[in-house]
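Peer 1: I'd like to ask some things about the structure below.
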Amino acid sequence: MKKFAFKLDPLLRLRINQRDKCQQLLADVVRLDDELVHRRSETENDRRTQIDELRSLGGGGGGVDVDASVSRRSYAGQLSGNIGQIEAERSSLRRQIELRRQALIHADQAVKSLEKLAEHRRTEFVYTQQSVESRELEETWQAIHAGERQGP
C-alpha cells in the first residue's frame, strides 16, 4: 500500500510551531505574574513588620523615639507605594495574559482543524487504497480462474 502524504503538512507544522510559541509566551507572562505575586507578598510582610515595630515603639510606656518612628512610618509608606506599583504591573500583565490566552486558543484551533482535515484525508486515502487493492485482487482471481475454465 502507498504511504499517505498530507499535502498541507508544511502548513500544519507551521501552525504547530506557532501554537508552541504562543504557549511559551503565555508561560513567560504567567511566570512573571507569579514573581510579582511573590514580590507583593514579601513587600506586604515587610510593611506589616514596620507597622508592628511602629506600634511597639509607641506602646512601651517610655519615651517615644521620634527618629525611629518617622523612619519606620516613612519606610511603611514607601512599601505601600511599592505594593501599588506591583498591583499596577499585575493589572497590565492580566491584560497581556488574556491576550496571549486568546492567541493560544486561536493557534490551537488552527492546529486542530488541520489535524482533523489530515485525519479525514488519511481515512479517505486508506479507503481508496483498500478499494484499489481489493479490485486488483479480484481481477487477479478472475484472471486465474478464467484461465482454469478455458483449460488446455
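Peer 1: Quote to one decimal, in nm, the extra length available between SER74 and GLN24 on full extension: 0.36 nm per residue of separation minus the C-alpha distance between them.
Peer 2: Here the answer is 13.9 nm.
Peer 1: Sticking with the crude label model, points 7 Å out along Cα→Cβ, report the distance from GLU139 to LEU8 in nm, one decimal please.
Peer 2: Taking the two extended label points, one gets 3.2 nm.
Peer 1: Follow-up question, since we're still on this one. Which entry in (1) 9.8; (2) 14.8; (3) 25.8 matches mean projected area of the Cα convex hull in nm² derived from the coordinates of this structure?
Peer 2: Given (1) 9.8; (2) 14.8; (3) 25.8, the calculated one carries the label (2).
Peer 1: Taking H as built 1.01 Å from N, whose amide H comes closer than 5 Å to the amide H of LEU8, not counting residues under 5 places away?
Peer 2: When sequence neighbours closer than 5 places are left aside, there are no close amide H contacts.
Peer 1: While we're on this one: Arrange the peptides 130-140, 40-50 so that the one whose residues have, on average, the most other Cβ atoms within 10 Å appears first.
Peer 2: On the way: 130-140: 10.5, 40-50: 15.1.
Highest-to-lowest ranking by the protection proxy: 40-50, 130-140.
Peer 1: If contacts are Cα pairs under 8 angstrom and at least 6 residues apart, what is the relative contact order of the chain in percent?
Peer 2: 41 percent
Peer 1: Leaving out ligands and nucleic acids, and using a 1.4 Å probe, what accessible area per residue does the chain come to in Å²?
Peer 2: About 74 Å² of surface per residue is accessible.
Peer 1: Then there is this: Nearest 20 debye, what's the magnitude of the dipole of the stretch 68-119 about its Cα centre given +1 on Lys and Arg Cβ and -1 on Asp and Glu Cβ?
Peer 2: The calculation lands at about 300 debye.
Peer 1: Now for a different question. Between the alpha-carbon centers of the stretch 108-141 and the stretch 1-60, tell me the distance in whole angstrom.
Peer 2: The stretch 108-141 and the stretch 1-60 have Cα centres spaced 43 Å from each other.
Peer 1: How far apart, in nm, are two points set 7 Å out from the Cα along the Cα-to-Cβ line at ASP46 and at ALA146?
Peer 2: 9.2 nm
Peer 1: Placing +1 on the Cβ of each Lys and Arg and -1 on the Cβ of each Asp and Glu in the chain, which of ASN17, SER80, LEU36 has its Cα farthest towards the positive end of the resulting dipole?
Peer 2: ASN17
Peer 1: Within the chain, what whole-number % of the accessible surface is contributed by carbon and sulfur, with the 1.4 Å probe and all protein chains included in the calculation?
Peer 2: Solvent-exposed carbon and sulfur of the chain make up 52 percent of the total.
Peer 1: Tell me, what is the FRET efficiency for ARG31 and HIS106 to the nearest 0.05, using R0 = 25 angstrom and their Cβ-Cβ distance as r?
Peer 2: After rounding to 0.05, the efficiency reads 0.70.
Peer 1: Let me ask you something else. Any idea what angle helix 66-150 forms with the longest principal axis of the chain, computed on alpha-carbon atoms, 0 to 90 degrees, nearest 10?
Peer 2: 10 degrees
The values are calculated or read from the model by the stated rules, or taken from the named source; none is laboratory data. Since this is a predicted model, take the numbers as computed values, not measurements. Neighbour counts run over all protein chains shown; Cβ positions are idealised from the backbone, glycine included. In case anyone asks, the SASA skips ligands and DNA or RNA and just uses the protein heavy atoms, side chains included. Shrake-Rupley method; radii C 1.70, N 1.55, O 1.52, S 1.80 Å.
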